[in-house]
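The values are calculated or read from the model by the stated rules, or taken from the named source; none is laboratory data. Keep in mind that this is a model prediction, so the values were computed, not measured. Virtual Cβ from ideal backbone geometry, glycine too; neighbours counted across all protein chains shown.
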């Protein structure tokens with residue numbers, strides 16, 4: 001039953017073929033790892049809602065993808081978004097959202113929602129933290145009060161939010177760190193997972209475990225296998241793109257993917273660049289604040305030519321759209337000159353319009369691989 | 001021909017009848033001034049575009065109604081907006097907008113646009129100014145450089161923007177001021193108008209003169225009559241609601257309206273409260289930053305019960321919409337609890353959603369009188 005929820009279809013792609021030609025049978029459990037062309041086409045089918053993969057999830061940190069209405073997200077085409085457990089726990093609190101009917105209703109999003117575990121925020125936002133085998137103690141970024149997160153607690157929060165995919169608590173070792181630290185945090189992540197899997201899911205909800213293990217291939221594989229043996233619905237791959245060289249990211253990722261069977265979705269956490277590279281390696285799911293964050297600072301992503309900063313004076317009288325290849329609301333209706341004007345005047349509409357554009361580029365780029 | 005552009009239909013209203021019952025014939029040029037029920041139903045028909053009156057214009061100060069897309073404004077129902085000549089002159093400059101095809105195309109608004117003269121901004125924003133019979137010298141609020149506005153100059157700017165209704169330069173005396181100042185500024189406003197009327201309009205564009213005269217009934221009437229004799233297309237009534245008692249505003253207004261024939265639209269500049277009162281006196285057009293400005297600070301206008309500040313703790317778990325009588329996008333889709341959450345977290349979406357709601361209330365309240 002659990003396997004039926006996630007239908008992953010492997011597809012042979014003649015295009016962009018690498019050094020080795022190879023063919024993968026549909027629904028095969030065999031993977032070749034020496035090519036860069038293993039693009040997976042699949043779909044998540046959760047609670048009757050479908051999201052085709054590969055997919056990119058816009059980030060609704062506090063229950064809103066900043067500066068956009070849910071209608072605008074729908075118009076772009078998104079089927080799934082991510083929201084942050086830690087932030088929602090702080091404000092307005094999971095109890096409030098639960099009383100109001102869950103996160104979907106609260107934020108008026110009828111597509112799929114993945115919530116993270118809050119673990120990453122504990123490690124990235126809080127100066128003070130103490131990790132034990134019981135859980136994590138840290139200080140609120142809002143008022144400094146102590147918060148205690150356990151594997152069970154973060155799942156209870158996510159159950160109250162009633163997200164469609166909930167993520168286990170993990171420990172993300174900093175980069176660089178020594179072998180002992182890598183191993184310790186890995187062990188803790190697995191122990192946390194063993195406790196997490198015992199939590200009863202909400203009906204139809206999926207549980208993803210988080211693969212850690214630093215930059216150590218063996219630990220990464222060990223972690224993935226441990227999570228798989230626990231019966232997780234999918235694997236979130238964490239602790240990458242946190243300062244290491246991109247080439248190392250890719251090596252660690254390839255090693256990790258080697259042990260993941262095709263029926264399991266693979267979600268690369270928090271990575272918003274080089275997405276096509278990772279899709280070619282076999283990643284299904286992405287999230288990143290990157291496209292919306294840079295949009296709010298006036299940076300527009302072009303389909304094939306990097307980025308432009310729209311505040312630049314050279315766009316003052318430029319009547320062309322941000323990207324001639326784009327058919328988003330922004331590019332259909334507004335010139336670069338107008339968008340520049342909005343940013344020069346610090347008008348909120350600029351943030352909205354560039355966010356629509358950047359998210360459209362991410363959406364279309366990823367979605368083109370399964371359309 | 002000019003008269004045909006503006007069709008004003010007087011309507012007898014049995015409801016809310018005041019001290020005296022009276023009947024006004026359709027298309028009559030005769031007005032009774034002793035009742036408070038002279039609601040006018042009409043329409044502006046400019047360049048093939050229609051805006052029914054009475055109407056409220058949202059303010060797009062810098063070519064954008066803050067935090068809203070043109071689509072969102074259209075969805076509410078607006079047919080006409082206002083934009084500020086002074087702000088657009090500063091940034092991006094009328095030359096840029098003209099090169100890009102005019103303000104409609106620049107901001108992607110296919111409805112009607114009224115531009116003000118910039119006169120009010122000169123008086124309200126600039127600390128330094130010198131008014132002579134030639135024009136106004138003042139300092140830019142951006143970089144302090146001297147700007148010289150003449151009656152001809154502000155119309156040339158508005159012609160370059162190619163707004164549908166352009167406003168003459170006027171001098172707005174501060175309140176309170178003495179009789180000499182009232183008279184001087186009135187004379188100057190009329191002199192400015194005499195020069196303004198000689199400027200050739202863009203095809204189909206209307207020119208409105210501004211009625212000044214402080215709080216002096218006689219001067220107000222004199223000004224209106226002088227403008228009418230010059231052949232203006234409509235009358236903008238300025239210099240009211242600038243600190244005086246509301247009862248005085250109404251008296252001055254009634255005296256002014258007494259001399260304006262029914263075929264001329266009457267636009268009460270910058271007034272966003274007590275609108276129904278003014279409509280009952282015979283005002284056709286309004287603009288105000290009020291509904292959007294308070295929206296961005298979390299204040300929501302209710303149809304019948306004043307305002308609420310959505311950040312208030314009492315809305316923390318309130319699952320009802322802002323106003324049960326409202327069918328705007330915000331009220332159809334979001335709870336007070338969610339909106340409060342957005343404001344508590346300083347999320348941009350909150351500003352957008354409350355702006356949609358407040359503008360909808362203004363739109364519907366005014367539009368209900370001609371639907």
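Observations, loosely collected:
- Those helices (runs of 4 or more DSSP H) lying entirely in segment B:78-147 with at least 3 residues farther than 30 Å from residue A:319 by Cβ and free of Cβ contacts under 8 Å to residues at least 24 places away in the same chain: none
- Residues that are more than 21 Å from the chain's Cα centre (by Cα) and at pLDDT below 95 do occur in segment A:169-177, at least one of them.
- When B:334, B:315, B:290 are screened for being in contact with a strand residue (DSSP E or B) (Cβ under 8 Å, 6 or more places away or on another chain) and either at pLDDT 95 or above or not assigned by TED's automatic domain parsing to the domain that holds residue B:245 (or both), only B:315 passes.
- Within segment B:132-153, not a single residue is crowded, with 16+ Cβ neighbours inside 10 Å and under 19 Å from the mean Cα position of the chain (by Cα).
- Residue A:198 vs. criteria out of contact with any helix residue (DSSP H, G or I) (no Cβ under 6 Å at 6 or more places or on another chain) and either in the same structural domain as residue A:95 (by TED's automatic domain parsing) or at pLDDT 95 or above (or both): yes
- Residue check, residue B:320 assigned to a loop (DSSP other than H, G, I, E, B) and either more than 20 Å from the chain's Cα centre (by Cα) or surrounded by 22 or more Cβ atoms within 10 Å (Cβ to Cβ) (or both): yes
- Residue in segment B:295-305 that is within 14 Å of chain A (Cβ to nearest Cβ), buried (at least 16 other Cβ atoms within 10 Å of the Cβ) and under 19 Å from residue B:69 (Cα atoms) present: yes
- Residue in segment B:161-183 that is within 14 Å of another protein chain (Cβ to nearest Cβ) and surrounded by fewer than 17 Cβ atoms within 10 Å (Cβ to Cβ) present: no
- Residues in segment A:278-309 that are more than 24 Å from residue A:80 (Cβ to Cβ) and not in a loop (DSSP other than H, G, I, E, B): A:299, A:307, A:308, A:309.
- Looking across segment B:334-371 at every residue that is within 11 Å of chain A (Cβ to nearest Cβ) and assigned to a loop (DSSP other than H, G, I, E, B), the one that is farthest from residue B:80 (Cα to Cα) is identified as B:345.
- Among the residues of segment B:242-268, the ones that are more than 23 Å from residue B:368 (Cβ to Cβ) and under 15 Å from the mean Cα position of the chain (by Cα) come to 1 in all.
Per-residue answers, yes or no, for (1) surrounded by fewer than 22 Cβ atoms within 10 Å (Cβ to Cβ); (2) facing another protein chain (nearest Cβ under 9 Å); (3) touching a helix residue (DSSP H, G or I) at 6+ places or on another chain (Cβ under 7 Å):
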site: B:52; (1), (2), (3): yes, no, yes
site: B:57; (1), (2), (3): no, no, no
site: B:63; (1), (2), (3): no, yes, yes
site: B:68; (1), (2), (3): no, yes, yes
site: B:75; (1), (2), (3): yes, no, yes
site: B:84; (1), (2), (3): yes, no, yes
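- Any hit, segment A:113-120, residues being within 12 Å of chain B (Cβ to nearest Cβ) and within 25 Å of residue B:335 (Cα to Cα): no
- Pick from segment B:324-333, criterion under 27 Å from residue A:293 (Cβ atoms) and in contact with a helix residue (DSSP H, G or I) (Cβ under 6 Å, 6 or more places away or on another chain), ranking: nearest to the other protein chains (Cβ to nearest Cβ): B:329
- Test: residue in segment B:244-266 that is surrounded by fewer than 16 Cβ atoms within 10 Å (Cβ to Cβ) and under 30 Å from residue B:346 (Cα atoms): no
- Segment B:269-292: number of residues that are farther than 21 Å from residue B:370 by Cβ and touching a helix residue (DSSP H, G or I) at 6+ places or on another chain (Cβ under 9 Å): 3
- When B:135, B:101, B:144, B:118 are screened for being under 26 Å from residue B:242 (Cα atoms) and out of contact with any helix residue (DSSP H, G or I) (no Cβ under 9 Å at 6 or more places or on another chain), only B:144 passes.
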